[in-house]
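Worksheet: the structure to be examined is printed underneath.
Taken together, the values in this text are just the output of simple stated rules run on the coordinates, not laboratory data. Since this is a predicted model, take the numbers as computed values, not measurements. Cβ placement follows ideal geometry from the backbone for every residue including glycine, while neighbour counts extend to all protein chains displayed.
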Amino acid sequence: MPVSGPMDERSHRQANAMAGNPPDAALLEATLVGPVLDLPAGCVVAAAGASCTLIADGKNHQTPAIVQTTTPARLEMSPFQRGGRVYLAFRGGIATKPVLGSRATDVRSGLGGVAGRALAAGDASGYFRDGLFLITRAGPIWGLAAAGGCFLLYVTTAQPYWAALTHTGAMINLFNLMPVWQLDGDHAFKALNRTERWIATGVTAGMLFVTGEGLLVLVGILAVVQALREAPNAEGDRTALIQFAGLIIALALLMKMPVPGLS
């Protein structure tokens with residue numbers, strides 16, 4: 001089995017760090033000539049390595065650079081002025097399955113990446129589904145775990161400050177699930193197709209009915225707005241839907257818990 005992986009490990013790690021990814025997240029390696037990429041709205045791309053210019057939305061970005069799109073845009077690259085390889089990291093990584101512990105593509109053996117071959121015109125990388133949302137869901141999940149831990153401590157000790165911490169932690173993480181701007185809820189909704197968005201909206205409305213939690217009104221309104229928009233990911237992501245819905249249910253129930261002295 002031949003050795004594979006990035007030829008320039010330092011630039012590989014730099015691009016991932018700029019994109020906010022783990023050091024071993026999958027990215028694109030371009031040799032001598034850069035690709036032309038059609039990017040969806042809300043995409044963050046970091047480039048490191050060879051010296052060149054990235055062009056997107058009529059703006060030039062000299063490497064190392066970070067490009068963020070607010071609308072669908074085409075990303076082009078100038079000829080390399082210095083160096084031979086550029087590394088393009090998408091925030092959240094690229095949804096490739098590890099082969100023998102590596103996400104690299106080995107063209108000779110036909111392993112890894114997209115069917116073990118180099119990317120070609122028309123290929124699409126599902127980084128939103130298995131990369132970005134795996135990372136962005138981690139924040140609310142850990143936040144839920146922290147709030148749940150405070151709840152268990154309150155049940156065990158009956159100390160009111162644990163109840164206050166439970167309520168506050170749940171509120172902060174529920175706020176973070178609003179599908180707007182750069183909050184985690186917005187990233188999560190980008191993974192969902194239109195049907196899944198309406199299901200997520202229905203779950204939010206159901207928990208509003210059950211708990212009467214006012215913050216869910218805002219989450220629900222923003223969810224309706226997102227559900228009415230065209231979904232960039234037509235395939236959807238059932239795992240993202242289940243986790244989003246589970247977080248909404250759990251956090252709303254934790255917020256329903258009364259805080260002694262305040263309720």
Original post:
Could you say which residue among 74, 82, 10 is surrounded by fewer than 20 Cβ atoms within 10 Å (Cβ to Cβ), of a type in the set (Lys, Arg) and in contact with an Asp or Glu (Cβ under 9 Å, 6 or more places away or on another chain)?
Top reply: 74
Subject >> Residues within segment 155-166 that are closer than 13 Å to residue 254 by Cβ and in contact (Cβ under 8 Å) with a residue 40 or more places away in the chain, tallied >> reply: 3
Subject >> Count - residues of segment 45-66 that are among the β-branched types (Val, Ile, Thr) and buried (at least 20 other Cβ atoms within 10 Å of the Cβ) >> reply: 2
Original post:
Can you name every residue in segment 163-192 that is closer than 25 Å to residue 257 by Cα and among the charged types (D, E, K, R)?
Top reply: 184
Subject >> Residues of segment 167-177 satisfying the condition of being in a helix (DSSP H, G or I) and either more than 16 Å from the chain's Cα centre (by Cα) or touching a residue at least 40 places away in the same chain (Cβ under 8 Å) (or both) >> reply: 167, 168, 169, 170, 171, 172, 173, 174, 175
